[in-house]
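*Asks:* First the structure, then my questions, so here it is.
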Amino acid sequence: MSQEKTTLEIIAPSVEEAVAKGLEQLGLTQDMVEIEILDGGSKGLLGIGGRQSRVRLTVKPFEKMIEEKITQVEIPQEVNQVVQSEIHVIDESQLTDEELQNLKTAKSVVTELLERMRVRAEVTARYVEPQDEKDDRLAMIDIEGKDLSILIGRRSETLNALQYISSLIVSKELGRWVPMLIDVQGYRNRRERQLRQLGRKMAEQAIQTGRKQTLEPMPANERRVIHLELRDHPQVYTESVGEEPYRKVTISLKN
């Protein structure tokens with residue numbers, strides 16, 4: 001399976017905002033993409049006639065990245081804990097022929113990648129309802145087996161790399177972009193629960209102290225969980241601040 005470069009062009013008021021927006025959409029960190037500034041933008045005279053900034057993000061090849069991470073990663077001890085998934089699985093009878101083909105191809109691609117990595121595991125594929133009504137249905141790929149913590153890595157770096165190389169290969173083979181999420185032994189669901197709990201806890205702390213709370217640096221997909229958890233909170237709002245890979249979520253009181 002060969003890999004074709006995937007690029008994304010983003011327009012925003014500043015280069016920094018364009019890069020951050022692109023990384024958020026891709027769910028990647030800055031070290032996983034090449035950044036090309038197509039137009040640095042201009043504020044114009046007295047705010048008139050300005051131009052927005054335009055950047056191009058190109059996803060770096062992931063084969064080598066995965067191989068390097070597997071040899072360097074620190075293995076978390078808690079990954080073997082199993083929890084019941086709260087996601088809403090879509091029955092196969094409700095899927096289109098295109099979606100069924102997406103699942104078949106995704107399962108085949110991930111299985112082959114694991115074989116090349118000499119990892120023995122069982123791969124299943126299904127479609128799930130999105131957490132946000134603005135999103136599309138998501139192809140969920142579950143990997144189960146023994147001693148698979150090596151596929152997760154520190155701060156999910158190896159798992160994210162595996163997910164995006166799989167997405168790129170699947171999209172090339174099918175000729176269309178397929179939104180995918182890969183999970184290993186329920187890790188993402190467990191991590192999401194922890195993040196939602198953390199978000200609620202820090203929101204309460206912001207209310208009690210009257211001070212803005214700043215969370216630890218997180219990848220874009222984890223920051224998004226915090227944002228979704230607190231987006232309808234009546235007393236606080238969230239923002240992402242800083243530069244990748246140290247971008248953080250802040251929780252502040254509403255005026």
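What follows draws every value from the coordinates through simple rules; no lab data is involved. Being a predicted model, the structure only gives us computed values, none of them experimental. Note that we place each Cβ from the backbone using ideal geometry, even for glycine, and neighbour counts take in every protein chain shown.
*Asks:* Please list the non-local residues whose amide H lies under 5 Å from the amide H of Lys60, H modeled 1.01 Å from N, same-chain partners needing a gap of 5 or more.
*Replies:* Excluding prolines and chain starts, which carry no amide H, the hits are Val33, Glu34.
*Asks:* Anything over 28 Å Cα to Cα? Flag those among Lys60/Lys248; Lys21/Lys104; Lys146/Lys248; Lys60/Lys107; Lys21/Lys107; Lys201/Lys254, in the order listed.
*Replies:* Cα-Cα > 28 Å for Lys21/Lys104; Lys146/Lys248; Lys21/Lys107; rest within.
*Asks:* Counting only other residues whose beta carbon sits under 9 Å from that of Gly145, what net charge do I get with K and R as +1, D and E as -1?
*Replies:* -1
*Asks:* Can I ask one more? Check Leu138: other-chain or 5+ apart residues with amide H under 5 Å from its amide H, H built from backbone geometry?
*Replies:* Those lying under 5 Å, H to H, from Leu138 are Val128.
*Asks:* Quick one: which residues, 5+ away or cross-chain, put their amide H under 5 Å from the amide H of Val236? H built at 1.01 Å from N.
*Replies:* For Val236, whose amide H was placed from the backbone, the distant partners under 5 Å are Lys254.
*Asks:* List the trypsin sites (Lys or Arg not before Pro) within the range 162-204 that DSSP assigns to loop and that have no more than 14 neighbouring Cβ atoms inside 10 Å.
*Replies:* Here the sparse-neighbourhood loop sites are Arg176.
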